[in-house]
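Step one of this worksheet: look at the structure below.
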Amino acid sequence: MTTLNIDTNDMTAIKEIQKMVVQKFHFDVQIINKKTVNHTKTKWAEFAEKMDGLFTPDIVNHIDTSRKEARDNFIANA
């Protein structure tokens with residue numbers, strides 16, 4: 001199963017897209033309103049949400065440099 005996310009509340013447009021996909025590709029299409037679906041978040045999803053936006057350009061640069069140094073040291077010691 002594949003999910004196609006359409007960012008609109010225009011049900012007329014969504015119904016037209018559904019009709020076109022069914023007629024052209026003969027797919028079974030179900031419309032699921034994302035607001036009514038109850039998603040439980042995993043611990044990692046909650047962690048990612050908390051971390052979102054906390055990285056500054058300096059932190060990202062430091063991580064990038066550290067990763068390069070670690071790779072270079074690994075190759076040199078191999």
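No lab work stands behind these numbers, since they all come straight from the coordinates. Because the structure is a prediction, the values reported are computed rather than measured. Neighbour counts run over all protein chains shown; Cβ positions are idealised from the backbone, glycine included.
Across the stretch 2-19, which residue is surrounded by the fewest Cβ atoms within 10 Å (Cβ to Cβ) among those that are farther than 13 Å from residue 32 by Cα and of a type in the set (A, V, I, L, M)? Only one residue tops the list, namely 13. Each residue in the stretch 22-78 was checked for being closer than 30 Å to residue 4 by Cβ, out of contact with any helix residue (DSSP H, G or I) (no Cβ under 9 Å at 6 or more places or on another chain) and surrounded by 10 or more Cβ atoms within 10 Å (Cβ to Cβ), and 7 pass. Among residues of the stretch 1-22 that are assigned to a loop (DSSP other than H, G, I, E, B), those with a beta-carbon under 9 Å from a residue that is surrounded by fewer than 11 Cβ atoms within 10 Å (Cβ to Cβ) at least six positions away or on a different chain give the pairs 3/32; 5/34.
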